[in-house]
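Input: a single structure, listed below in structure tokens.
The values are calculated or read from the model by the stated rules, or taken from the named source; none is laboratory data. A quick note: this is a predicted structure, and the numbers were derived from the prediction, not measured. As a convention, Cβ positions derive from the backbone with ideal geometry for all residues, glycine included, and neighbour counts pool all protein chains shown.
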């Protein structure tokens, strides 16, 4: 068992292994299951993630409210044309993250990671890194183990709920989880993985949850795209040997404290931030007009 | 700090867009559908707070109906559940309501057959797809749906709890939680028991044989 990043790092040193090995071992013990059983459980989730990160790239997908849609197709077409600002890898990852969030908003099947609203970030990061490195399913399962281990530490010491901690607790946590997973996939050390996670989370500390009309559409979908880019940039920094001055565990504590003092209007209540802008309010009124009225 | 599975981070696998407004709503519907235990042709959903404000956009209505039809949270037919209910001849209605001092994501579900109410249940979606059932047929309780439940209505007389739990013990069922309440002394009392394992099929009939027992309702654990 582990509660802190420092404990996981210590265990990886003692056993000369990776973060994913420690997380897998803990899960086997906790669930009284074999490594194969756990890997098979994750495999099922991975396949749902793969499907969701592809389907809205292939086919235009619109949210139930009609607020968002078709952006994954646009992102991938633009990438394929070859003249992007960020390059092929980053644009592929963005298209995948948008795809998963469009599938989610259209009432398609997704796997929460760690939440439904932030579900696109980790899969996009892992699938894109695996593609670049020529890695297979077992490696992606390892990466999901590492990401989940980071998620467990955030959940144990802070929160993964937008209603409790704002978007930093959802898309921020997902970016941290993804960053650590990418570092491990690229052969970085457990310390590097947690530096990447710390850098990713630090970059979005204070990020509020301000969904327009209370829906998982705007700005959630694009925050999934920027979340995966944050994860990739943080992983690159850590792999370059750049360290986070504030250790991961302390960043998590800071995130939680920031979430606590964040006004309720900015924690998933759709009363502040983008939800309270004139455009956000107009959208809310327009959608409310679509609700059938019942008299009782 | 307690140890918990990575599946609480990775998952649930579900139909979007919201674990609390969609997956949780589906589970609440499923709780009602599995509790009623007989055919129904009408379902009323009283939506409170955030459920009433955003139910169309979150597909809460479709999720609730998918739930009462017994679908799993990751069943893609969830999107078409309103049509499926119509095909099955089940009339559904959504009513925006103030259910009082309850969680913002709360719904009261009434299932009827030929105009007669079979079941009234109120529950909340409390985050991450987890639910809490607060009321069944006017009886206040707090159950997660993770365990099977036995609800016994009986006269408020001595020894009822021991007789009821005796039958459960004989059936090899271990009790997780137990709550007894009554309308007033000597009147109708309700015993609510959460059990670790599902009780055998004849348990309800056996409990019903006890003198002074009025009704027995068994509720399966919700997956």
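Within the range B:97-120, restricting attention to residues that are within 27 Å of residue A:115 (Cα to Cα) and assigned to a strand (DSSP E or B), the residue that is modelled with the lowest pLDDT is B:105. Scanning the range B:125-142 for residues that are in the same structural domain as residue B:17 (by TED's automatic domain parsing), within 12 Å of the chain's Cα centre (by Cα) and part of a loop (DSSP other than H, G, I, E, B) turns up at least one hit.
Pairs meeting the criteria (first residue in the range B:161-173 and outside any helix (DSSP H, G or I), second residue buried (at least 17 other Cβ atoms within 10 Å of the Cβ), beta carbons under 7 Å, at least 6 apart or on different chains) are B:171/B:199; B:171/B:203; B:173/B:195; B:173/B:199.
Do you know which residues across the range A:266-292 are in a helix (DSSP H, G or I) and within 14 Å of chain B (Cβ to nearest Cβ)? Once the filter is applied, which keeps residues that are in a helix (DSSP H, G or I) and within 14 Å of chain B (Cβ to nearest Cβ), the range A:266-292 yields A:275, A:280, A:281, A:283, A:284, A:285, A:286, A:287, A:288. I need every pair where a residue in the range B:1-21 that is within 7 Å of another protein chain (Cβ to nearest Cβ) has its Cβ under 7 Å from the Cβ of a residue that is surrounded by 18 or more Cβ atoms within 10 Å (Cβ to Cβ) and assigned to a strand (DSSP E or B), sequence separation at least 6 or different chains. Correct list of pairs: B:10/A:111; B:11/A:111; B:13/A:109; B:13/A:111; B:14/A:110; B:15/A:109; B:16/A:110.
Scan the range B:42-51 and tell me whether some residue there is over 18 Å from the mean Cα position of the chain (by Cα) and either surrounded by fewer than 18 Cβ atoms within 10 Å (Cβ to Cβ) or more than 9 Å from every other protein chain (Cβ to nearest Cβ) (or both).
Scanning the range B:42-51, I find at least one residue that is over 18 Å from the mean Cα position of the chain (by Cα) and either surrounded by fewer than 18 Cβ atoms within 10 Å (Cβ to Cβ) or more than 9 Å from every other protein chain (Cβ to nearest Cβ) (or both), so the answer is yes.
Considered as a group, the residues in the range B:93-129 that are closer than 18 Å to residue B:33 by Cβ and within 14 Å of chain A (Cβ to nearest Cβ) include one that is surrounded by the fewest Cβ atoms within 10 Å (Cβ to Cβ), and that residue is B:93.
Given the structure, is residue A:116 farther than 18 Å from residue A:193 by Cα, buried (at least 24 other Cβ atoms within 10 Å of the Cβ), under 14 Å from the mean Cα position of the chain (by Cα) and touching a residue at least 12 places away in the same chain (Cβ under 8 Å)? So residue A:116 fits the description; yes.
Please indicate, with yes or no, whether at least one residue in the range B:159-172 is surrounded by 13 or more Cβ atoms within 10 Å (Cβ to Cβ), under 30 Å from residue B:75 (Cβ atoms) and not assigned by TED's automatic domain parsing to the domain that holds residue B:34. Among the residues of the range B:159-172, not one is surrounded by 13 or more Cβ atoms within 10 Å (Cβ to Cβ), under 30 Å from residue B:75 (Cβ atoms) and not assigned by TED's automatic domain parsing to the domain that holds residue B:34, which makes the answer no.
The rows are residues; the columns are (1) over 28 Å from residue B:50 (Cα atoms); (2) under 23 Å from the mean Cα position of the chain (by Cα).
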| site | (1), (2) |
| --- | --- |
| A:201 | yes, yes |
| A:216 | no, yes |
| A:225 | no, yes |
| A:235 | yes, yes |
| A:238 | yes, yes |
| A:246 | yes, yes |
| A:267 | no, yes |
| A:288 | no, no |
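Yes/no matrix, rows are residues, columns are (1) in a helix (DSSP H, G or I); (2) at the interface with another protein chain (Cβ under 9 Å from one of its Cβ atoms):
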site	(1), (2)
A:92	yes, no
A:99	yes, no
A:116	no, yes
A:123	yes, no
A:130	yes, no
A:139	yes, no
A:160	no, yes
A:163	yes, yes
A:177	yes, yes
